[in-house]
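See structure below.
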Amino acid sequence: MLQLLKAQAWLAQSKDTQSKDAQSRCRRKEKGMKTRILIIEDNEQNLYMETFLLEKCGYEVIQARDGPEGLEMAGRLEPALIVLDIQLPLMDGHEVARRLKEQPETRDIPIVVVTSYAMPKDRERVLANGCEGYIEKPIDPDTFVSEIERYLPTPPPEIGDGS
Ligand code: MN
């Protein structure tokens, strides 16, 4: 409940486009082509919040609401990173991760699991499946994007920066 209030406060604050503080949380805001992120999440509230936070930082977000849909979109739309829920309809996140890491065309896409399971065993299983990251729900709107960005591949250097 506290987390929800915090999220609402953050959303209200972020409507102020002058907020430098809010903008400074975004590492790659609006630089040329947008980086595409796939969110596989069946809870509408979480999906809305995660999408809002990432889009605000200039990412293109595509959404899947169950496991098979997520797998299909990952193979077809080549996201730079996948945000993955564990409790999903039709196929759970563990199975989705296992299959993504099995397919040559999706194997190299970093997966960040976002789950309310605070169980150490769950975390172990997620990492054993080859997922790169793990974030616990409820998500913290102040740190969500920067945590995700830790797992994004390094962007190519900008043309003409001389380094
Ligand atoms: Mn779920």
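Where a number appears in this text, it was derived from the coordinates with a stated rule and is not lab data. Keep in mind that what you see is a predicted model, and the values were worked out from it rather than measured. Neighbour counts run over all protein chains shown; Cβ positions are idealised from the backbone, glycine included.
Does the stretch 84-105 hold any residues that are assigned to a helix (DSSP H, G or I), among the hydrophobic types (A, V, I, L, M, F, W, C) and within 10 Å of the ligand (Cβ to nearest atom), and which are they?
Listed by number, the list is empty, since nothing qualifies.
Within the stretch 55-70, which residues are surrounded by fewer than 23 Cβ atoms within 10 Å (Cβ to Cβ) and not in a loop (DSSP other than H, G, I, E, B)?
E55, K56, E60, V61, I62, Q63, P68, E69, listed by residue number.
Go through (1) more than 16 Å from the ligand (Cβ to nearest atom); (2) within 20 Å of R125 (Cα to Cα) and name the single condition E60 misses.
(2)
Scan the stretch 85-110 and report the pairs whose first residue is more than 13 Å from D122 (Cα to Cα) and whose second residue is among the aromatic types (F, W, Y), with Cβ atoms within less than 8 Å and a gap of 6+ or a chain change.
Close Cβ pairs satisfying both conditions: P110/Y151.
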